[in-house]
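Scroll down for the structure; my scribbles are underneath it.
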Amino acid sequence: MKIETIRHSLAHILAYAVQELFPGTKFGIGPTIENGFYYDFDLKRSLAPEDLLKIEEKMREIIKGGFSFKKEKLSKSDSNRLFKGQPYKLELIKELPGKTVSIYQSGSFVDLCKGPHVKSTKEINPDGFKLTKIAGAYWRGSEKNPMLTRIYGVAFKTKKELDNYFKFQEEAKKRDNRILGQKLDLFHIDENIGPGLILWHPKGAILKRIIENYALEEYLRNGYQLVSTPHIAKLNLWKISGHTEFYKENMFPAFHLRELGEEEKDDYQIKPMNCPFHIAIYKQSIKSYRQLPLRYTELGTVYRYEKSGVLHGLIRVRGFTQDDAHIFCTPDQLSKELVSTLRLTFKILKTFGFKNFEVCLSTRPKKYVGTLKSWEKSTNSLKYALEKLKIPYRIDPGEGVFYGPKIDIKIKDSLGRPWQCTTIQVDFNLPKQFKAAYIDRKGKKQQPIMIHRALLGSLERFIGVLLEHYAGALPLWLSPIQIWIIPVGSRHKKYAKEVTKKLSVSETRLELKDGNETVSKKIRDGELQKIPYLLVVGDKEMKTKSVRVRSKNKDLGPMELTNFIEKVKIEIDKKEIKI
Ligand SMILES: [Zn+2]
Ligand SMILES: [Zn+2]
């Protein structure tokens, strides 16, 4: 039996239990959701957490009672009589197409429903579900309607699966980028500044810079050229690019400068993308086929409007920096460029310690620009590149961008959760809109193809994913602070300073912890702060010019300082991943 059928049946049972315990309740709807179900109720009083336990108990009683789900077809007038006093149900009946409605009865509870359900409530494991929370929800999601009480539950076939679900939730909570951001003092989102806008603290900003430097170094080594462009541009630019038509709901509203002076006639727009700027740089001089491919890269900060309800820590934000690039090439060069872009992508993602990916090829959406032929051609080039590198992928029909098809790569983290990061898009259209050209072998003007690619994607999101993947314990080369030096007593402070001085020559990021707290408190703090190496120095270490090394909550024993420096240098240079 499908787990959805069990979850759906449990929604009925939940409503049945509420009917028994809270007479006079009016019923909304009760669909299944990921991992469980919910039901909306108009209750006479608000619920307390202990009410959930009572309702659960009642549900178990109903499950054990072995009630069947009896289906009946009723005329609309009969069902109106049946649901008398249930305004939400009556509203639903009114809107249902056809003359009859289907209802299901189990025990003394009747609901409007199309099914399917379990045959008998006995088929449900009474220990396989749990009610998890109470929330307020407007009837049909509209603020104009009454606020109902929503009860959520999770359900699985076995108790073991249910326990695993809660364990997973617990683990995910420990890794929550919002919580880690605060604990590790990396970033915050400020009410006075605005939702979805990240303020990077010193440690977060250095982490971001380490990632940016590494990515940029790789790009420059792979034939990219660095460019830099403004955050705003005339609104008309976005009209030419098609963004005002096809991307409107993701853009902040335009603004005008008219009040500032008579000559300021144009409206401006904060950039949701970097593409038109790079095209403008491309067009600055006439290009020959010999100059192509041209690869412009920029750590471009863009702003996109997202509804405040979907914003989520670093993962969904309104302002973010992309490791963006646009490659201009001839049609003959397209496949080769896509292959090398994909190769570089996986090299970089693997350096960060990611091993598992979900790759998707997204095809033409409903709203699009360009000819069907160019869509087909670009989709085929993307397919070719994936197949050439033997990368397994699936096709996501209709999920391409308005200007072209794309490859999206989701990173799977250590809990197996997929996160959208990389995007590689082929575009036959923007070069056309902006009349970008090159002179071919025969001296004729041709239109280049453009590849948009962001390998890490949004750096904000990427850092969020790194934090969740490593539960905050980043690899040494990425850690904002790599080493703490902890003197045991005040007489060891001098040696601790000496150690710090020697280590700083190796360009590691370190802190000398010579405050008055006890050694054990400092070690505990260092571990909570996920500092990769804690070096404790006392009498013995002073005498032997060594350090006592602690890493990942383990005492690794004493090590000669010169050896430690050498070891750390190699670990950083190799960008080693230790879990
Ligand atoms: Zn049902
Ligand atoms: Zn672009």
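The values are calculated or read from the model by the stated rules, or taken from the named source; none is laboratory data. This structure is a prediction, so every number in the text was calculated from the model and none was measured. Ideal geometry is used to build each Cβ from the backbone, glycine not excepted, and the neighbour counts take in all protein chains shown. Only protein heavy atoms, including side chains, enter the accessible area calculation; ligands, DNA and RNA are left aside. Shrake-Rupley method; radii C 1.70, N 1.55, O 1.52, S 1.80 Å.
For the chain, the membrane-span-like helices by this rule, meaning whole DSSP H stretches whose C-alpha atoms cover at least 20 Å of axis and whose Kyte-Doolittle mean is 0.5 or above, are 3-21; this says nothing about an actual membrane.
P(r) tail for the stretch 132-171, what percent of Cα pairs lie past 11 Å? Don't skip to the end; give the middle numbers.
On the way: 542 of 780 pairs.
Counting pairs separated by more than 11 Å, the tail of P(r) holds 69 percent.
Counting only Cα atoms, the size of the stretch 1-86 along its three principal axes is 39, 36, 26 Å, in decreasing order.
Mean separation of Cα pairs under 8 Å and 6 or more residues apart, divided by the residue count, gives the chain a relative contact order of 10 percent.
Assign one of three labels to the stretch 273-366, namely rounded, prolate or oblate, based on the Cα gyration tensor with a ≥ b ≥ c the square roots of its eigenvalues; rounded applies when a/c is under 1.5, prolate when it is not and a/b is larger than b/c, and oblate otherwise. Oblate, because a/c is 1.5 or more while a/b does not exceed b/c. Net charge of the neighbourhood of S228, taken over other residues with C-beta under 12 Å away and scored Lys/Arg +1, Asp/Glu -1, is -2.
Rounded, prolate or oblate: which one fits the stretch 71-193, using the alpha carbon gyration tensor with axes a ≥ b ≥ c (rounded when a/c is under 1.5, else prolate when a/b beats b/c, else oblate)? Walk me through the numbers before you get to the answer.
Values: a/c = 3.88, a/b = 1.63, b/c = 2.38.
Oblate, because a/c is 1.5 or more while a/b does not exceed b/c.
Quick one: of K89/K122; K265/K307; K271/K412; K493/K569; K355/K574, which pairs are farther than 19 Å apart, Cα to Cα? Walk me through the numbers before you get to the answer.
Values: K89/K122 27 Å; K265/K307 30 Å; K271/K412 30 Å; K493/K569 24 Å; K355/K574 17 Å.
In this structure, K89/K122; K265/K307; K271/K412; K493/K569 lie more than 19 Å apart at Cα.
Each residue was assigned an accessible area with a 1.4 Å probe, and for D525 the value is about 50 Å².
Roughly what percent of Cα-Cα pairs across the stretch 362-429 reach past 19 Å? Spell out each step's value before the answer.
Details: 770 of 2278 pairs.
More than 19 Å apart: 34 percent of the Cα pairs in the stretch 362-429.
Our note on the geometry: Cα centres of the stretch 256-332 and the stretch 108-141, 48 Å apart.
Just to confirm a number: summing +1 for Lys and Arg and -1 for Asp and Glu over residues other than M147 whose beta-carbon lies under 13 angstrom from that of M147, what do you get?
+1
When the P(r) of the chain is calculated, the portion above 34 Å amounts to 58% of the C-alpha pairs. Rounded to the nearest whole angstrom, the semi-axes of the ellipsoid equivalent to the stretch 469-511, taken from the Cα gyration tensor as √(5λ), stand at 24, 13, 5, largest first. Spin-label model, S520 to T562: label points 7 Å out along the Cα-to-beta-carbon direction sit 3.6 nm apart.
Note on the chain: helix-only mean residue ellipticity at 222 nm, from DSSP H runs of 4+ residues weighted -39500 (n - 2.57) and normalised by residue number, equals -11000 deg cm²/dmol. Take the alpha-carbon centre of the stretch 441-489, take the same for the stretch 508-567, and report the distance between them in whole Å. Using only Cα atoms to place each centre, the spacing works out to 28 Å.
For H188 and R81, the difference between the fully extended length at 0.36 nm per residue and the C-alpha to C-alpha distance is 33.0 nm. Gyration tensor over the Cα atoms of the stretch 363-402: the corresponding equivalent ellipsoid has semi-axes (square roots of 5 times the eigenvalues, largest first) of 20, 12, 5 Å. The alpha carbon convex hull volume per residue for the stretch 338-397 rounds to 95 Å³.
Taking one quarter of the surface of the convex hull spanned by the alpha-carbon atoms of the stretch 341-465 gives a direction-averaged projected area of 9.0 nm².
When we measure straight from the Cα of K159, which aspartates and glutamates land under 20 angstrom away, once same-chain ones fewer than 8 places off are left out? Hits, sequence-local ones excluded: E4, E34, E56, E57, E61, E123, D127, E170, E171. Rounded, prolate or oblate: pick one for the stretch 484-545, where a ≥ b ≥ c are the square roots of the eigenvalues of its C-alpha gyration tensor, a/c under 1.5 means rounded, and failing that, prolate if a/b is larger than b/c, else oblate. The shape class here is oblate. Taking the Kirkwood radius as Rh and the Cα radius of gyration as Rg, the stretch 127-225 has a ratio of Rg/Rh equal to 1.18.
Any chance you could run the full-extension gain for H201 through E376? It's 0.36 nm times the residue separation minus the Cα-Cα distance, nm to one decimal.
Working: separation 175, 0.36 × 175 = 63.00 nm, distance 4.59 nm.
Here the answer is 58.4 nm.
Restricting the stretch 229-277 to GluC sites (Glu not before Pro) that sit in a DSSP loop and have at most 11 other Cβ atoms within 10 Å of their own Cβ leaves E262, E263. Extension gain, E57-E245: 0.36 nm per intervening residue step, less the Cα-Cα distance, totals 62.2 nm. Between D573 and E387, the distance separating the two model label sites (each 7 Å from Cα on the Cα→Cβ line) works out to 4.3 nm. Work out, in µm²/s and without decimals, the Stokes-Einstein translational diffusion coefficient of the stretch 437-579 at 10 °C, 1.306 mPa s, Rh from Kirkwood over C-alpha pairs. Here the translational diffusion coefficient equals 91 µm²/s.
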